[in-house]
Number of protein chains: 2
Amino acid sequence: MSTPTPKQALFEQLARIAAALGSAARLDLVEILAQGERSVDQLASLTGLSVANTSQHLQKLRQAGLTVGRKEGQFVFYRLAGDEVLRLLEGLRRTGETHVAEVDRLVRDYFSSRDQMEPVAATELLDRARKGLVTVLDVRPAEEFEAGHLPGAVNIPIEELGKRLGELPRRKEIVAYCRGPYCLMSYEAVELLRKKGHKARRLENGLPEWRLAGLPVERG
Amino acid sequence: MSTPTPKQALFEQLARIAAALGSAARLDLVEILAQGERSVDQLASLTGLSVANTSQHLQKLRQAGLTVGRKEGQFVFYRLAGDEVLRLLEGLRRTGETHVAEVDRLVRDYFSSRDQMEPVAATELLDRARKGLVTVLDVRPAEEFEAGHLPGAVNIPIEELGKRLGELPRRKEIVAYCRGPYCLMSYEAVELLRKKGHKARRLENGLPEWRLAGLPVERG
DNA sequence: CTATAATTCAAGCGATTAATTGAATAATAG
DNA sequence: CTATTATTCAATTAATCGCTTGAATTATAG
């Protein structure tokens with residue numbers, strides 16, 4: 001048990017952070033937390049993990065400094081520690097897409113706009129939305145919408161979209177978005193909307209990336 | 001064994017990348033590889049790991065897409081897969097420094113310019129070096145220097161610095177650099193140089209960060 | 001106070017990991 | 001061809017991980 005050098009101690013800490021992201025279940029939690037804070041059992045039901053298991057994953061994330069918990073009454077609400085975490089995740093995504101063939105394949109097959117789903121860039125959308133040229137549609141759960149959404153966006157969670165199509169204007173183009181680049185909800189939304197005769201596209205990323213880019217966010 | 005959703009499959013892949021960085025030994029390897037390519041036993045002797053262990057770590061890094069190997073004769077040279085990996089590491093550092101108290105403490109105690117060691121910013125150094133106002137000193141091993149270094153830099157590996165002080169001009173300020181922000185060699189160099197009456201400071205980061213910033217690099 | 005709900009803790013199990021050791025491959029030197 | 005060197009593979013061990021189960025803790029509601 002020799003004393004570790006400062007560098008070893010530092011790398012040990014950084015390794016703990018990386019290891020905390022080294023589990024698909026925890027990445028799933030992090031993607032949800034990127035939308036706003038959530039209680040343990042909300043997270044458990046959104047991910048399908050058991051409550052105890054969720055709690056343990058959250059503690060690992062917290063020990064790594066990636067999340068912070070806030071106790072309110074009998075609930076503990078977790079959220080991401082800060083925007084550095086989002087940037088770290090972006091680095092992870094980029095590394096995967098650039099250097100891991102399997103990631104590239106999955107993105108191409110399931111998440112890429114290989115057909116006519118060409119995504120709308122954030123700045124382009126902001127411009128066109130301000131001019132009233134498009135309807136911005138947020139298909140995430142209501143809680144996430146309330147915690148922050150694009151200016152002027154309409155919230156119809158993806159499960160309700162089929163029944164609530166009437167609420168959307170018929171002629172204007174619709175741009176849908178959800179949690180992030182690897183979230184399938186907006187893909188489903190665009191598919192459904194087009195089937196029903198709407199002109200529809202996807203925002204290239206989700207709300208966290210929009211916010212990280214310094215673009216305006218509305219609350220409540 | 002239900003078929004995983006595309007998102008689960010993707011997160012599985014990204015988790016593998018993160019897990020590959022989730023070990024202090026591998027972060028050590030990555031820091032060295034960020035300086036240029038190295039053979040397995042060079043890496044083993046630089047890190048103090050056994051050869052077999054080093055090989056296994058390298059394979060884990062390679063499977064995660066973080067490194068690539070190139071076989072030449074009986075040697076296999078590994079290098080980082082690309083600059084995305086450096087950006088990912090920067091994200092890891094920033095997250096640690098911002099959100100992990102222990103990282104902050106270690107950086108403050110051992111790596112911070114809390115005294116008069118105020119680091120020189122990259123752009124400032126480039127400017128002053130071009131005007132011939134400073135001597136730029138690279139204290140990394142010769143192989144790493146040859147693989148790429150700051151324009152006009154002098155290479156004196158840290159172990160030889162004591163004996164080769166005579167090669168450095170007496171009056172000009174010296175700016176030392178090494179592998180990166182968590183590399184101690186340039187700290188030692190500045191300390192030694194000051195003891196011997198030189199005016200000396202540190203570059204804020206190492207060569208990889210310099211190169212990533214798009215600043216010019218010399219070879220050979 | 002008692003009952004209930006949210007979260008954490010603790011113990012246990014199978015799977016994975018880091019490291020060691022020794023053998024197997026593969027390329028070069030003589 | 002033989003010896004040497006670099007690397008990888010295979011088998012082993014101790015430690016850690018992900019998850020489950022059930023109990024303990026803490027706060028609220030009645």
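The values are calculated or read from the model by the stated rules, or taken from the named source; none is laboratory data. Treat the numbers as computed from the prediction; the structure is a model and nothing was measured. A quick note on method: Cβ atoms are made from the backbone with ideal geometry, for glycine too, and the neighbour counts reach across all protein chains shown.
For B:T135, the test of being polar (S, T, N, Q) and touching a strand residue (DSSP E or B) at 6+ places or on another chain (Cβ under 7 Å) is passed. Being surrounded by fewer than 22 Cβ atoms within 10 Å (Cβ to Cβ), of a type in the set (G, A, S) and over 20 Å from A:G65 (Cβ atoms) is a property that holds for B:A9. Once segment A:187-204 is narrowed to residues that are surrounded by 14 or more Cβ atoms within 10 Å (Cβ to Cβ) and touching a helix residue (DSSP H, G or I) at 6+ places or on another chain (Cβ under 7 Å), the residue that is farthest from A:R87 (Cα to Cα) is A:A200.
Residues that are facing another protein chain (nearest Cβ under 9 Å) and within 14 Å of DNA strand C (Cβ to nearest atom) number at least 2 in the following helices (runs of 4 or more DSSP H) confined to segment A:1-49: A:6-20, A:24-33.
Does A:R26 fit the bill of being more than 13 Å from DNA strand D (Cβ to nearest atom) and either within 30 Å of B:D83 (Cα to Cα) or among the polar types (S, T, N, Q) (or both)? Break it down into steps so the answer makes sense when it comes.
Details: more than 13 Å from DNA strand D (Cβ to nearest atom): no; either within 30 Å of B:D83 (Cα to Cα) or among the polar types (S, T, N, Q) (or both): yes.
No; evaluated as a whole, the condition is false for this residue.
All told, A:L58 meets the bar of being in contact with a strand residue (DSSP E or B) (Cβ under 9 Å, 6 or more places away or on another chain), farther than 30 Å from B:Y110 by Cα and buried (at least 17 other Cβ atoms within 10 Å of the Cβ). Answer with yes or no whether B:A52 is modelled with pLDDT of 95 or more, closer than 30 Å to A:G48 by Cβ, surrounded by fewer than 21 Cβ atoms within 10 Å (Cβ to Cβ) and near DNA strand D (Cβ under 10 Å from one of its atoms). In short, no.
Quick one: is B:I17 modelled with pLDDT of 95 or more, more than 12 Å from DNA strand D (Cβ to nearest atom), among the β-branched types (V, I, T) and in contact with a Lys or Arg (Cβ under 8 Å, 6 or more places away or on another chain)? Steps first, please.
Values: modelled with pLDDT of 95 or more: yes; more than 12 Å from DNA strand D (Cβ to nearest atom): yes; among the β-branched types (V, I, T): yes; in contact with a Lys or Arg (Cβ under 8 Å, 6 or more places away or on another chain): no.
It is false that B:I17 is modelled with pLDDT of 95 or more, more than 12 Å from DNA strand D (Cβ to nearest atom), among the β-branched types (V, I, T) and in contact with a Lys or Arg (Cβ under 8 Å, 6 or more places away or on another chain).
Among the candidates B:E37, B:E12, B:E31, the residue that is farther than 19 Å from A:K7 by Cβ, at pLDDT 95 or above and within 16 Å of the chain's Cα centre (by Cα) is uniquely B:E37.
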